[in-house]
Amino acid sequence: MRVVVLTGAGISAESGVPTFRDADGLWEGHRVEDVATPEAYEAQPSVVQRFYDERRAALDGVEPNAAHQALARLEEALGDDLYLVTQNIDDLHERGGSQRVHHMHGRLRTALCRACRGRSEVHHPLLEFPPCPRCGVPELRPDVVWFGEVPYEMDTIIAELQRCDLFVSVGTSGAVYPAAGFVQYARQHGARTLELNLVPSEGTYFFDEARHGPASRLVPDWVDELT
Ligand code: BJW
């Protein structure tokens, strides 16, 4: 059985990483749709760099939780029949033991050079505007996908959604496309669909089954059932 698991901010919430659209959301009074844009970066690069530098630094103070660890166990059981795609830019899946994680909205630990388009590991705050280790130009931006930009690995994701038997969405509000449309796409191609979220998401209606509660309980229970 081929399984696609999509994760969102809710899976990392119990690790202490703030979500975007819950009451204590990330951008402190700003709608994420207004600030997570290339235009916001053009207007205020230092503000945006500092924000991502702080989030990157905060990763050292958080640990993966039982939900991340359960998905690593699922990978051990299913091998290549599991495709794990996350909207999260944290590294908690990897630190929870998952070997193959597809970050469709990018990663905090890497930078993207606006001059040569090369990627590099981040070793210094990007607020210092260090030179790109590949081309030397000080044009490193966070390697994340903002509104209006195309998410990474879309061709592979679409192929995996077309051929999966089960699509599972964990901890995402269903407010951001294209990820919010994956459930309908997988379903149209014959997959069973399951939502695991704290509360009903905006797309809960599209799922064959929805279970509501904390990811640290729902995900291990579901993985135990499946394996
Ligand atoms: C728990 C829990 C616990 C809490 N246990 N659960 C009009 C209509 C339709 C679409 C559009 C439109 N206008 C524009 C668009 C497109 C636009 C879009 O979707 N806009 C919407 C606002 C409508 N999308 C884009 O622009 C995307 N690009 C695009 O479409 O390109 C075109 C294209 C696509 C495909 C092929 C070819 C071309 C890009 C979107 C980029 C999003 N970027 C961000 C920022 C990334 C960097 C960063 O982290 O700072 O990604 S925005 C932010 O939202 C972030 C997240 O990944 C994303 C999703 O958020 P998520 O993960 O769902 O978090 P929350 O907070 O919303 O929800 C958390 C959930 O967890 C809640 O439900 C809680 O209940 C739950 N929860 N605790 C379980 N313990």
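Quick notes on this one:
- Normalising the average separation of contacting C-alpha pairs (under 8 angstrom, six or more residues apart) by the number of residues puts the relative contact order of the stretch 123-227 at 18 percent.
- Computed over the chain, Kirkwood Rh from alpha-carbon pairs, angstrom: 18.1
- What the Cα convex hull of the stretch 181-227 gives, in volume per residue, is 73 Å³.
- Global geometry of the stretch 1-123, whether rounded, prolate or oblate, following the gyration tensor of its Cα atoms and the 1.5 cut on a/c: prolate
- Overall form of the stretch 57-143 per C-alpha gyration tensor (a/c, 1.5; a/b vs b/c): prolate
- Rounded to 10°, Cα long-axis angle of helix 215-226 versus longest principal axis of the chain: 50
- Note on the chain: with a GNM built from Cα contacts shorter than 10 Å, the maximum mean-square fluctuation among His102, His124, His189 falls on His124.
- Take the Cα of Tyr205, step 7 Å toward its Cβ, do the same at Ala175, and the gap between the two points is 1.8 nm.
- Scanning the chain for cysteines with no neighbouring cysteine C-beta under 4.7 angstrom from their C-beta gives Cys164.
- Value of D in µm² per second that Stokes-Einstein yields for the stretch 94-227, Kirkwood Rh from Cα pairs, at 20 °C (1.002 mPa s): 126
- For the stretch 120-163, averaging the sequence separation of C-alpha pairs within contact (under 8 Å, six or more residues apart) and dividing by the residue count gives a relative contact order of 22 percent.
- The chain: most fluctuating residue of Asp34, Asp81, Asp155 per GNM, C-alpha cutoff 10 Å: Asp155
- Selection from Tyr152, Phe206, Ala70 lying farthest towards where the dipole of the chain points positive, charges on Cβ: Tyr152
- C-alpha long axis of helix 154-163 to longest principal axis of the chain, angle in °: 0
- For the chain, modelled as a GNM whose springs connect Cα atoms under 10 angstrom apart, the maximal fluctuation among Glu149, Glu75, Glu94 occurs at Glu149.
- The mean of 1/r over all pairs of different alpha-carbon atoms in the stretch 139-206, once inverted, gives a Kirkwood hydrodynamic radius of 13.1 Å.
- Mean separation of Cα contacts under 8 Å, 6 or more apart, over the residue count of the chain: relative contact order %: 24
Values in this text are rule-based calculations from the coordinates and carry no lab data. Since we're looking at a predicted model, the values are computed, not measured. Every residue, glycine as well, gets a Cβ built from its backbone with ideal geometry; the counts of neighbours run over all protein chains shown.
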